[in-house]
Every structure is written in structure tokens, then in C-alpha cells.
């Protein structure tokens, strides 16, 4: 029996760690321009990053765009006295967008874009947590995965454009079968496969009147799933372990954005987004364990609750200073509020539940026209403020008596859980328009 237990532990240790949610796109945004506007302005998106914000926005593209940049992020967020900084805070990115050079009636009708983000250390970083571990579910490792995001747009008329983005990653699924061999040693067979995982971004852009643009965007739910099944047969006793998890979770989102050209050099924007978190219960690995011949099911369900659906919204502005020499200097700013979808933390789990006040600020430089080519530099910054919140634990939900003392509770969030802090992001890129 001891050998069975050791083998079960070995099988569980082969499971990839989890704990990361979503991606850079959903936390800090893509590129440097829209992050400087607190990621508010889907109606004005037109480059390769439009594959996330609003693919149809590429229908407004004039010419071609290429850019490459660097993004650096950091956090100082404490949950229950525990702080877990980002483990891979630096990323490189490349963006491109262009019309397909058809002639005749198809001229400037079809557009393609591509965005690629690569963390400097790992393709993806994930971290395992237990239900009672204090952690912030919206930032810890959440921005640390590779992003491959091609997109396509069609300009149906001058006032109607549609588009689609394709958010690619992979799902890991496999099986471990272990039995005693002829030598009485444990002989495991491992079979792991990676499968493609696709999340869609669909959008349309309307221009009912010239100063006004309206964008509607749908972003599909997206996550990186891990599934592993272990069958261990020792001395005729079968032990089954089924481990399931999903990391880098991004909820289904619907965004309504409006852009208004208030002056020739002033653009205003406002966005409202619905985020459907209710299909998610947290970044935990679920384990189903069975010994069919003896005990049946061994592992109870995790004591977790589904998240709450939320609405988020914000405003932004972009003002362009023009010089007599043909240089342009865009100045950008924005504000975005995103409430926390984490449920009330009065039970076993200890998730940070502070809402996020996001302020963006940035600037750029556009060179004069040099034979049909213009150089573009963008710099962006964000500060995410998470006001401190405190939730008192319910002793009944922890299996304690109402007068239980601190030493009576094994839960690290007892008797109350506090969370709050801040996060930041700096990004910059250099590109060409031609």
C-alpha cells in the first residue's frame, strides 16, 4: 500500500503547475498607444493590436504599419500579508497591419494584421495554489504567456467594417499508466499531447456620421487547459487520479466603444465592457481520486464559488501637437475602472478582491513624411491602484465555533482577509507607416 501511495504522489507531481489567468492583453493591454489611454478606445484601434481590441478597426487603416517594442510590468499587491511579484515581467512584442493590395472594386477592402508578444524567459508562466493560499487572482503571473494573434478585417462600405481576431495557444492532455513490471519495479508509460486552442475576437465598426465612430467587439472565453489521467495498478489494486485545471483564463467579453473626433487634432473615446466571469471558479487544480476495488471516490470537491459577472468602463483622449516642420507629438491619457469579479471571501478561499482604478498616460512622436515613409515612436504607462479591502471570515464556513480563537483556525485568512496595493506597466515601441 505504501508503494501505491508513493506512486500516486509521483503521478501527481507530473502535473503541470497552474495559477496564471488571462494574458497581457487583458491585464495591461497590447502595444503602447492604447495602454497609454488605459485601454479605452476600441473605436480608434487600427494596428496589429486590433486583433484583441477591435479587428474591424483595421478597415480604417491608411497604408501599412510595422512596429516592435518592449513591455515591463510590476506589482506590489498584498493579500492576507502575502505578496507574489510577477515572475517574468518583461516582454517583447511585434505588430504589423496592412491592406491586401488588390485593385478595382477590391482596393482597400481586405486588411490583415498580426501581433506577437513573447516573455523574455518562458513561453508561459503558471503557479499552483491551494484554495486557502492568499493570492491575488487578477495579477499573479496573469500577464506572462506568449501571444500569437493574427486578424482579418473587411471594409464592406465606408461606414461599415467587420473583423475577426484569432487568439492561439495550446491545451495539454495526457495519460500516465503505471504497473509493476516483470522485475517488480514500477514501470510508468507517459503519453502527453498538445492540442491547439483558439479564442475568437469578432467586431464591427460603424461610422454613422463623420465625427463619430462606434465599435462593437466580442471576445471569446479563453484559457490554457491542462488535463492528466493516471492509472496506477500495483499488486492488483487500481488507483485512478484525474487532474484538471485551466490557467490564463480570460472571461467572455462584450465591449461597446464610441470615438468622437472633437477637433482635427483631438480624439475622445468611451468604452463599456461586460465580462462574464460566472463560468469560472478560480485558478485551482481539481483532483478526482478513486480506488474502485476498495473505497470508490476519495477526493471531495473543492470548496470554491463561481466568480461574479462585472461591468467595466472608462474614458480617454488623444491630442496631437503639430509643429511647422511636419512633426507630430500625440499626447494620450485615460481612466478605466474594473471591479473585482472575485466572490465574497468569507469562507475557505483567500482571494484578493479589490477593484482596479487604472490610469494611463503616454506620448509619441511621428516624423515628417520622408518619401512616403513616416517613423513612429510610442511610449505608454499605466498605474493600477487597488484600494485596500477587508473581509471578515464566517466561522461557520470554516467549520469553527463563533468564539474560536486565532489559533483554532488553520486558514491563513482568519479572522479577516485584507488585500490591496498597486501594479504598473511601461511600454514603448518604434515603427514605420508607409
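The values are calculated or read from the model by the stated rules, or taken from the named source; none is laboratory data. Please read all numbers here as calculations on a predicted model, not as lab measurements. All Cβ positions, glycine included, derive from the backbone under ideal geometry; neighbour counts span all protein chains shown.
Within the stretch 237-258, does at least one residue satisfy the condition of being free of Cβ contacts under 8 Å to residues at least 24 places away in the same chain and farther than 22 Å from residue 168 by Cβ?
no
Being in contact with a helix residue (DSSP H, G or I) (Cβ under 8 Å, 6 or more places away or on another chain) and modelled with pLDDT under 95, is that true of even one residue in the stretch 380-387?
For the stretch 380-387, residues in contact with a helix residue (DSSP H, G or I) (Cβ under 8 Å, 6 or more places away or on another chain) and modelled with pLDDT under 95: absent.
Give the stretch 162-179 a look and list any residue that's within 26 Å of the chain's Cα centre (by Cα), surrounded by 15 or more Cβ atoms within 10 Å (Cβ to Cβ) and modelled with pLDDT of 70 or more, or say none.
Once the filter is applied, which keeps residues that are within 26 Å of the chain's Cα centre (by Cα), surrounded by 15 or more Cβ atoms within 10 Å (Cβ to Cβ) and modelled with pLDDT of 70 or more, the stretch 162-179 yields 162, 163, 164, 165, 166, 167, 169.
Can you name the number of the only condition in (1) part of a loop (DSSP other than H, G, I, E, B); (2) modelled with pLDDT of 85 or more; (3) over 21 Å from the mean Cα position of the chain (by Cα) that residue 365 fails?
The single condition residue 365 does not satisfy is (1).
One residue is enough: does the stretch 191-208 have a residue meeting the conditions modelled with pLDDT under 85, surrounded by 14 or more Cβ atoms within 10 Å (Cβ to Cβ) and touching a helix residue (DSSP H, G or I) at 6+ places or on another chain (Cβ under 9 Å)?
No, because not a single residue in the stretch 191-208 is modelled with pLDDT under 85, surrounded by 14 or more Cβ atoms within 10 Å (Cβ to Cβ) and touching a helix residue (DSSP H, G or I) at 6+ places or on another chain (Cβ under 9 Å).
Which of the residues that make up the stretch 242-265 are farther than 30 Å from residue 209 by Cβ and assigned to a strand (DSSP E or B)?
If the condition is that a residue be farther than 30 Å from residue 209 by Cβ and assigned to a strand (DSSP E or B), then 242, 243, 244, 245, 246, 247, 248, 249, 250, 252 are the ones that fit.
Go through the stretch 303-329 and give me each residue that's touching a residue at least 40 places away in the same chain (Cβ under 8 Å), touching a strand residue (DSSP E or B) at 6+ places or on another chain (Cβ under 6 Å) and surrounded by 15 or more Cβ atoms within 10 Å (Cβ to Cβ).
Listed by number, the residues that qualify are 312, 313, 314, 315, 316, 317, 318, 319, 320.
May I ask you to list pairs of residues, at least six apart or on different chains, whose Cβ atoms are under 6 Å apart, with the first in the stretch 89-114 being within 13 Å of residue 163 (Cα to Cα) and the second being at pLDDT below 95 and exposed (fewer than 13 other Cβ atoms within 10 Å of the Cβ)?
110/100
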